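The values are calculated or read from the model by the stated rules, or taken from the named source; none is laboratory data. Predicted model only: the values in this text are computed from it and were never measured. Calculation scope for accessible area: heavy atoms of the full protein, side chains included, ligands and nucleic acids excluded. Shrake-Rupley method; radii C 1.70, N 1.55, O 1.52, S 1.80 Å.
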Amino acid sequence: KMNPEVIRKLEEGFRRLRTSNSQSLLKKYLTQAIFDKLKSKKTSFGSTLLDCVQSGFENPDSNIGVYAPDPEAYTLFADLFDPIIDEYHGGFKKGDHHPPSDWGDLDCIGNVDPDQNFVVSTRVRCGRSLAGYPFNPCLTESQYKDMEKKVSGTLTCLTGELQGKYYPLTGMSKTDQNQLIDDHFLFKEGDRFLQAANASRFWPTGRGIFHNTNKTFLVWLNEEDHLRIISMQPGGNVGEVYRRLVTAVREIESKLKFARSDRLGFLTFCPTNLGTTIRASVHIQVPKLAHNKTKLDATADQYNLQVRGTRGEHSDAEDGIYDISNKRRLGLTEFEAVKEMHDGILKIIEIEKSL
Ligand code: ADP
Ligand code: CIR
(Lines give C-alpha, C1' and ligand atoms only; values in the text may rest on other atoms or scores of the structure.)
(Ligands and ions follow the chains in the order given, each with its own letter.)
Protein backbone atom coordinates (compact mmCIF):
# COMPACT_ATOMS: atom_id res chain seq x y z
CA LYS A 1 0.00 0.00 0.00
CA MET A 2 2.96 2.41 0.46
CA ASN A 3 4.20 3.95 -2.78
CA PRO A 4 7.87 2.85 -3.16
CA GLU A 5 8.74 6.33 -4.44
CA VAL A 6 7.52 7.81 -1.12
CA ILE A 7 9.64 5.32 0.85
CA ARG A 8 12.67 6.13 -1.32
CA LYS A 9 12.21 9.91 -0.79
CA LEU A 10 11.78 9.37 2.94
CA GLU A 11 14.94 7.25 3.24
CA GLU A 12 16.97 9.65 1.12
CA GLY A 13 15.68 12.78 2.91
CA PHE A 14 16.23 11.24 6.32
CA ARG A 15 19.83 10.34 5.43
CA ARG A 16 20.49 13.92 4.24
CA LEU A 17 18.94 15.38 7.40
CA ARG A 18 21.08 13.20 9.69
CA THR A 19 24.31 14.41 8.05
CA SER A 20 23.20 18.07 7.76
CA ASN A 21 23.94 20.71 10.38
CA SER A 22 20.23 21.59 10.63
CA GLN A 23 19.15 23.02 14.00
CA SER A 24 15.48 22.15 13.36
CA LEU A 25 13.25 20.44 15.89
CA LEU A 26 12.59 17.91 13.12
CA LYS A 27 16.22 16.86 13.15
CA LYS A 28 16.26 16.77 16.94
CA TYR A 29 13.24 14.52 17.29
CA LEU A 30 13.12 12.37 14.15
CA THR A 31 15.30 9.58 15.50
CA GLN A 32 15.96 6.34 13.62
CA ALA A 33 13.51 4.49 15.89
CA ILE A 34 10.68 7.00 15.32
CA PHE A 35 11.45 7.14 11.61
CA ASP A 36 11.18 3.35 11.33
CA LYS A 37 7.98 3.29 13.37
CA LEU A 38 6.22 5.96 11.28
CA LYS A 39 7.56 5.53 7.75
CA SER A 40 4.83 3.15 6.55
CA LYS A 41 1.82 4.86 8.12
CA LYS A 42 -0.92 6.63 6.15
CA THR A 43 -3.87 8.78 7.31
CA SER A 44 -7.34 8.30 5.84
CA PHE A 45 -6.58 11.32 3.63
CA GLY A 46 -3.61 9.35 2.24
CA SER A 47 -1.00 11.53 4.00
CA THR A 48 2.34 9.97 4.89
CA LEU A 49 5.32 10.88 7.05
CA LEU A 50 6.84 12.45 3.94
CA ASP A 51 3.97 14.98 3.83
CA CYS A 52 4.79 15.94 7.44
CA VAL A 53 8.54 16.32 7.03
CA GLN A 54 9.33 17.29 3.44
CA SER A 55 9.52 21.03 4.22
CA GLY A 56 12.17 20.36 6.85
CA PHE A 57 13.98 17.91 4.56
CA GLU A 58 14.19 20.52 1.78
CA ASN A 59 14.90 23.46 4.09
CA PRO A 60 17.58 22.48 6.61
CA ASP A 61 17.45 26.07 7.97
CA SER A 62 13.88 25.44 9.23
CA ASN A 63 13.30 26.21 12.89
CA ILE A 64 10.68 23.51 13.18
CA GLY A 65 10.54 21.60 9.87
CA VAL A 66 7.17 19.85 10.14
CA TYR A 67 3.57 20.54 9.12
CA ALA A 68 0.41 18.45 9.55
CA PRO A 69 -1.08 17.69 6.11
CA ASP A 70 -4.44 16.92 7.71
CA PRO A 71 -5.89 16.95 11.25
CA GLU A 72 -5.40 13.18 11.65
CA ALA A 73 -1.62 13.53 11.21
CA TYR A 74 -1.30 14.99 14.72
CA THR A 75 -2.44 11.68 16.22
CA LEU A 76 -1.10 9.15 13.69
CA PHE A 77 2.36 10.77 13.72
CA ALA A 78 2.19 11.83 17.39
CA ASP A 79 5.55 10.21 18.15
CA LEU A 80 7.12 12.95 16.04
CA PHE A 81 4.70 15.85 16.64
CA ASP A 82 4.37 15.49 20.43
CA PRO A 83 7.99 16.18 21.43
CA ILE A 84 8.16 19.07 18.93
CA ILE A 85 4.94 20.55 20.36
CA ASP A 86 6.24 20.06 23.90
CA GLU A 87 9.48 21.90 23.23
CA TYR A 88 8.05 24.74 21.12
CA HIS A 89 5.21 25.57 23.50
CA GLY A 90 7.43 25.33 26.57
CA GLY A 91 6.01 22.20 28.18
CA PHE A 92 3.01 20.26 26.89
CA LYS A 93 3.15 16.56 27.74
CA LYS A 94 1.35 13.53 26.32
CA GLY A 95 -1.41 13.62 28.94
CA ASP A 96 -1.85 17.42 28.83
CA HIS A 97 -4.98 19.06 27.49
CA HIS A 98 -5.32 22.56 26.11
CA PRO A 99 -7.70 24.63 28.29
CA PRO A 100 -11.10 25.79 27.01
CA SER A 101 -11.17 29.14 25.18
CA ASP A 102 -11.02 32.08 27.57
CA TRP A 103 -10.63 35.61 26.25
CA GLY A 104 -10.52 36.91 29.83
CA ASP A 105 -11.28 40.35 31.15
CA LEU A 106 -10.86 42.52 28.08
CA ASP A 107 -10.47 45.67 30.17
CA CYS A 108 -7.32 44.37 31.88
CA ILE A 109 -5.12 44.95 28.87
CA GLY A 110 -3.96 48.45 28.02
CA ASN A 111 -1.40 50.48 26.09
CA VAL A 112 2.21 49.29 26.48
CA ASP A 113 3.69 52.55 25.18
CA PRO A 114 1.36 55.52 25.88
CA ASP A 115 4.13 58.06 25.17
CA GLN A 116 4.78 56.50 21.76
CA ASN A 117 8.52 56.20 22.13
CA PHE A 118 9.09 52.58 21.15
CA VAL A 119 6.12 50.77 19.64
CA VAL A 120 5.36 51.43 15.97
CA SER A 121 2.31 49.18 15.71
CA THR A 122 0.46 46.31 17.38
CA ARG A 123 -1.11 43.22 15.84
CA VAL A 124 -2.94 40.21 17.24
CA ARG A 125 -3.83 37.31 14.98
CA CYS A 126 -5.33 33.88 15.30
CA GLY A 127 -5.75 30.99 12.89
CA ARG A 128 -8.80 28.85 12.19
CA SER A 129 -9.46 25.74 10.11
CA LEU A 130 -12.90 25.01 8.74
CA ALA A 131 -14.29 21.80 10.23
CA GLY A 132 -14.56 19.03 7.68
CA TYR A 133 -11.71 20.14 5.43
CA PRO A 134 -8.09 18.91 5.49
CA PHE A 135 -5.14 21.33 5.38
CA ASN A 136 -3.44 22.76 2.27
CA PRO A 137 -1.58 19.67 0.95
CA CYS A 138 -4.82 17.67 0.73
CA LEU A 139 -7.23 20.32 -0.59
CA THR A 140 -8.63 20.02 -4.12
CA GLU A 141 -9.05 22.99 -6.43
CA SER A 142 -12.82 22.84 -6.06
CA GLN A 143 -12.54 22.74 -2.25
CA TYR A 144 -10.46 25.94 -2.39
CA LYS A 145 -13.20 27.60 -4.43
CA ASP A 146 -15.97 26.36 -2.10
CA MET A 147 -14.11 27.53 0.98
CA GLU A 148 -13.40 30.94 -0.52
CA LYS A 149 -17.06 31.40 -1.41
CA LYS A 150 -18.28 30.27 2.01
CA VAL A 151 -15.83 32.36 4.06
CA SER A 152 -15.88 35.53 1.95
CA GLY A 153 -19.69 35.35 1.96
CA THR A 154 -19.71 35.24 5.75
CA LEU A 155 -17.18 38.06 6.13
CA THR A 156 -19.02 40.33 3.73
CA CYS A 157 -22.01 40.24 6.11
CA LEU A 158 -20.03 41.79 9.01
CA THR A 159 -21.13 45.24 10.10
CA GLY A 160 -19.93 48.27 12.04
CA GLU A 161 -16.16 48.62 12.42
CA LEU A 162 -15.67 45.15 10.91
CA GLN A 163 -17.52 45.95 7.70
CA GLY A 164 -15.30 45.48 4.66
CA LYS A 165 -14.66 43.90 1.32
CA TYR A 166 -13.03 40.71 0.04
CA TYR A 167 -10.13 40.99 -2.42
CA PRO A 168 -9.24 37.69 -4.13
CA LEU A 169 -5.59 37.20 -5.06
CA THR A 170 -6.78 35.97 -8.44
CA GLY A 171 -6.92 39.08 -10.61
CA MET A 172 -5.23 41.38 -8.08
CA SER A 173 -2.56 43.56 -9.75
CA LYS A 174 1.07 42.95 -8.70
CA THR A 175 1.26 46.63 -7.68
CA ASP A 176 -1.70 46.33 -5.31
CA GLN A 177 -0.47 42.99 -3.97
CA ASN A 178 3.05 44.30 -3.29
CA GLN A 179 1.72 47.46 -1.68
CA LEU A 180 -0.40 45.39 0.73
CA ILE A 181 2.63 43.20 1.51
CA ASP A 182 4.94 46.22 2.05
CA ASP A 183 2.37 47.76 4.41
CA HIS A 184 2.32 44.48 6.43
CA PHE A 185 -1.32 43.74 5.63
CA LEU A 186 -0.96 40.76 3.28
CA PHE A 187 0.97 37.47 3.37
CA LYS A 188 4.03 37.23 1.17
CA GLU A 189 4.13 35.13 -1.99
CA GLY A 190 6.39 32.16 -2.65
CA ASP A 191 7.25 31.11 0.92
CA ARG A 192 9.71 28.24 0.33
CA PHE A 193 8.78 26.49 3.60
CA LEU A 194 5.11 26.34 2.60
CA GLN A 195 5.92 25.45 -1.02
CA ALA A 196 8.07 22.50 0.05
CA ALA A 197 5.23 21.37 2.32
CA ASN A 198 3.04 21.17 -0.78
CA ALA A 199 0.88 23.97 0.63
CA SER A 200 0.80 26.26 -2.42
CA ARG A 201 -1.01 24.07 -4.94
CA PHE A 202 -3.45 25.86 -7.30
CA TRP A 203 -2.09 29.25 -6.08
CA PRO A 204 -3.64 31.89 -6.25
CA THR A 205 -6.97 30.02 -6.43
CA GLY A 206 -9.00 30.43 -3.23
CA ARG A 207 -6.46 32.80 -1.69
CA GLY A 208 -7.29 36.37 -0.80
CA ILE A 209 -7.73 39.03 1.84
CA PHE A 210 -10.77 40.64 3.43
CA HIS A 211 -10.31 43.95 5.20
CA ASN A 212 -12.27 46.87 6.60
CA THR A 213 -11.75 50.39 5.25
CA ASN A 214 -9.17 51.33 7.90
CA LYS A 215 -7.27 48.04 7.49
CA THR A 216 -7.50 47.47 11.24
CA PHE A 217 -9.41 44.22 10.77
CA LEU A 218 -8.21 41.74 8.17
CA VAL A 219 -8.72 38.09 7.31
CA TRP A 220 -6.35 36.05 5.15
CA LEU A 221 -7.92 33.20 3.21
CA ASN A 222 -6.17 29.92 2.46
CA GLU A 223 -2.57 30.99 2.85
CA GLU A 224 -0.96 28.82 5.56
CA ASP A 225 -4.28 28.27 7.35
CA HIS A 226 -7.85 28.35 6.09
CA LEU A 227 -8.35 31.63 7.97
CA ARG A 228 -6.02 34.03 9.67
CA ILE A 229 -8.05 36.59 11.58
CA ILE A 230 -6.07 39.76 12.26
CA SER A 231 -6.53 42.99 14.21
CA MET A 232 -3.86 45.67 13.95
CA GLN A 233 -3.25 49.39 14.27
CA PRO A 234 -0.45 51.94 14.72
CA GLY A 235 0.86 52.50 18.27
CA GLY A 236 0.94 50.34 21.38
CA ASN A 237 -2.69 50.01 22.39
CA VAL A 238 -2.76 46.23 22.81
CA GLY A 239 -6.15 46.43 24.55
CA GLU A 240 -7.92 48.08 21.63
CA VAL A 241 -6.37 45.69 19.14
CA TYR A 242 -7.27 42.67 21.28
CA ARG A 243 -10.88 43.78 21.87
CA ARG A 244 -11.40 44.23 18.14
CA LEU A 245 -10.06 40.74 17.47
CA VAL A 246 -12.30 39.17 20.13
CA THR A 247 -15.39 40.88 18.72
CA ALA A 248 -14.52 39.68 15.24
CA VAL A 249 -13.76 36.09 16.25
CA ARG A 250 -17.01 35.83 18.21
CA GLU A 251 -19.00 37.08 15.20
CA ILE A 252 -17.24 34.74 12.78
CA GLU A 253 -17.53 31.74 15.11
CA SER A 254 -21.26 32.25 15.31
CA LYS A 255 -21.43 31.65 11.56
CA LEU A 256 -18.70 29.12 10.70
CA LYS A 257 -17.73 25.84 12.36
CA PHE A 258 -14.01 25.44 13.10
CA ALA A 259 -11.88 22.36 13.78
CA ARG A 260 -10.92 21.95 17.42
CA SER A 261 -9.29 19.02 19.18
CA ASP A 262 -9.98 18.20 22.78
CA ARG A 263 -6.26 17.86 23.44
CA LEU A 264 -4.65 20.37 21.06
CA GLY A 265 -7.24 23.15 20.93
CA PHE A 266 -7.82 24.85 17.58
CA LEU A 267 -6.13 22.87 14.82
CA THR A 268 -3.70 24.54 12.44
CA PHE A 269 -1.35 23.45 9.67
CA CYS A 270 1.82 24.23 11.68
CA PRO A 271 2.21 22.73 15.17
CA THR A 272 3.57 26.06 16.46
CA ASN A 273 0.14 27.60 15.98
CA LEU A 274 -2.02 25.03 17.82
CA GLY A 275 -4.13 25.78 20.88
CA THR A 276 -5.10 29.42 21.09
CA THR A 277 -3.42 30.07 17.70
CA ILE A 278 -2.73 33.55 19.07
CA ARG A 279 0.28 35.55 18.01
CA ALA A 280 0.22 38.98 19.62
CA SER A 281 3.07 41.17 18.41
CA VAL A 282 4.44 44.66 18.45
CA HIS A 283 6.68 46.28 15.89
CA ILE A 284 9.17 47.91 18.22
CA GLN A 285 12.37 49.98 18.13
CA VAL A 286 14.69 49.28 21.06
CA PRO A 287 18.05 50.42 19.60
CA LYS A 288 20.12 50.02 22.76
CA LEU A 289 18.94 46.50 23.47
CA ALA A 290 19.04 45.55 19.79
CA HIS A 291 22.64 46.75 19.52
CA ASN A 292 23.45 43.21 20.58
CA LYS A 293 21.01 40.89 18.77
CA THR A 294 22.03 37.90 20.90
CA LYS A 295 21.15 39.89 24.01
CA LEU A 296 17.81 40.97 22.52
CA ASP A 297 16.94 37.33 21.71
CA ALA A 298 18.01 36.14 25.16
CA THR A 299 16.02 38.90 26.90
CA ALA A 300 12.92 38.13 24.84
CA ASP A 301 13.34 34.43 25.59
CA GLN A 302 13.31 35.13 29.34
CA TYR A 303 9.76 36.44 28.97
CA ASN A 304 8.66 33.65 26.58
CA LEU A 305 8.79 36.08 23.66
CA GLN A 306 10.05 35.51 20.12
CA VAL A 307 11.87 38.06 17.95
CA ARG A 308 11.21 38.24 14.21
CA GLY A 309 12.26 40.71 11.50
CA THR A 310 10.15 43.57 10.13
CA ARG A 311 8.58 41.51 7.35
CA GLY A 312 7.77 38.62 9.63
CA GLU A 313 9.24 35.22 10.08
CA HIS A 314 12.56 34.53 8.33
CA SER A 315 13.08 38.25 7.54
CA ASP A 316 15.58 40.83 8.83
CA ALA A 317 14.99 44.01 10.81
CA GLU A 318 14.56 47.17 8.72
CA ASP A 319 15.14 50.61 10.35
CA GLY A 320 15.78 48.80 13.63
CA ILE A 321 12.18 47.60 13.77
CA TYR A 322 11.70 44.16 15.34
CA ASP A 323 8.56 42.08 15.60
CA ILE A 324 8.29 40.73 19.14
CA SER A 325 5.46 38.34 20.03
CA ASN A 326 4.37 35.66 22.48
CA LYS A 327 6.00 32.36 21.55
CA ARG A 328 3.67 29.86 23.26
CA ARG A 329 0.14 29.45 21.96
CA LEU A 330 -0.80 26.02 23.37
CA GLY A 331 -1.49 25.09 26.99
CA LEU A 332 -2.57 28.56 28.09
CA THR A 333 -5.68 30.68 27.48
CA GLU A 334 -6.09 33.37 24.84
CA PHE A 335 -5.99 35.98 27.57
CA GLU A 336 -2.78 34.56 29.01
CA ALA A 337 -1.13 34.46 25.58
CA VAL A 338 -1.84 38.15 24.94
CA LYS A 339 -0.93 39.06 28.51
CA GLU A 340 2.40 37.30 28.09
CA MET A 341 3.28 39.62 25.21
CA HIS A 342 1.86 42.68 27.00
CA ASP A 343 3.80 42.11 30.23
CA GLY A 344 6.99 41.04 28.45
CA ILE A 345 7.01 44.16 26.27
CA LEU A 346 6.62 46.35 29.39
CA LYS A 347 9.75 44.65 30.78
CA ILE A 348 11.66 45.07 27.53
CA ILE A 349 10.81 48.78 27.41
CA GLU A 350 11.93 49.10 31.04
CA ILE A 351 15.27 47.46 30.19
CA GLU A 352 15.72 49.68 27.12
CA LYS A 353 15.11 52.78 29.27
CA SER A 354 17.69 51.62 31.82
CA LEU A 355 20.49 51.22 29.24
P1 ADP B 1 2.09 35.46 11.09
O2 ADP B 1 1.85 36.52 12.08
O3 ADP B 1 0.93 35.30 10.21
O4 ADP B 1 2.58 34.23 11.74
P5 ADP B 1 4.46 36.64 9.74
O6 ADP B 1 5.53 36.56 10.77
O7 ADP B 1 4.81 36.21 8.36
O8 ADP B 1 3.24 35.75 10.07
O9 ADP B 1 3.91 38.13 9.70
C10 ADP B 1 2.88 38.46 8.84
C11 ADP B 1 2.86 39.94 8.53
O12 ADP B 1 2.43 40.66 9.66
C13 ADP B 1 4.21 40.53 8.13
O14 ADP B 1 4.04 41.43 7.06
C15 ADP B 1 4.62 41.28 9.36
O16 ADP B 1 5.44 42.39 9.06
C17 ADP B 1 3.28 41.76 9.88
N18 ADP B 1 3.28 42.10 11.29
C19 ADP B 1 3.48 41.29 12.34
N20 ADP B 1 3.40 41.96 13.50
C21 ADP B 1 3.14 43.25 13.18
C22 ADP B 1 2.93 44.44 13.94
N23 ADP B 1 2.97 44.43 15.26
N24 ADP B 1 2.69 45.58 13.26
C25 ADP B 1 2.64 45.59 11.91
N26 ADP B 1 2.81 44.51 11.16
C27 ADP B 1 3.06 43.34 11.77
C1 CIR C 1 10.22 26.61 10.00
O2 CIR C 1 10.25 25.46 10.43
O3 CIR C 1 11.08 27.44 10.21
C4 CIR C 1 9.03 26.99 9.15
N5 CIR C 1 8.35 25.80 8.74
C6 CIR C 1 8.10 27.92 9.93
C7 CIR C 1 7.64 27.35 11.23
C8 CIR C 1 6.84 28.30 12.09
N9 CIR C 1 7.74 28.85 13.03
C10 CIR C 1 7.54 29.47 14.17
O11 CIR C 1 8.50 29.69 14.93
N12 CIR C 1 6.31 29.87 14.49
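Overview of results
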{"read-out": "Entries in K93/K327; K215/K327; K93/K257; K1/K257; K174/K293 that, when Cα-Cα distance is taken, lie over 23 Å", "value": "K215/K327; K93/K257; K1/K257; K174/K293"}
{"read-out": "Rounded accessible area per residue of the chain, 1.4 Å, Å²", "value": "43"}
{"read-out": "Ratio of the Cα radius of gyration of the range 233-291 to 2.2 N^0.38 Å, where N counts its residues", "value": "1.50"}
{"read-out": "Carbon/sulfur fraction of accessible area - the range 4-88, other protein chains in place, 1.4 Å, %", "value": "51"}
{"read-out": "Most fluctuating residue given options A298, A78, A33, as computed from a GNM of the chain linking Cα atoms under 10 Å", "value": "A33"}
{"read-out": "Calculated [θ] (222 nm, deg cm²/dmol) that DSSP helices of n ≥ 4 give over the chain, each run adding -39,500 (n - 2.57)", "value": "-11000 deg cm²/dmol"}
{"read-out": "Whole-number D in µm²/s for the range 153-217 (Stokes-Einstein; Kirkwood sum over Cα pairs; 4 °C, 1.567 mPa s)", "value": "99"}
{"read-out": "Pairwise centroid distance, computed over Cα atoms, of the range 283-355 with the range 143-206, Å", "value": "27"}
{"read-out": "Per residue Cα convex hull volume in Å³ - calculated over the range 4-88", "value": "80"}
{"read-out": "Accessible area of the range 106-354 belonging to carbon and sulfur atoms, whole % at 1.4 Å probe", "value": "46"}
{"read-out": "Value of relative contact order over the range 41-124, rounded to a whole percent, pairs C-alpha under 8 Å and six or more apart", "value": "18"}
{"read-out": "Per principal axis, descending, Cα span of the range 106-354 in whole Å", "value": "56, 36, 35"}
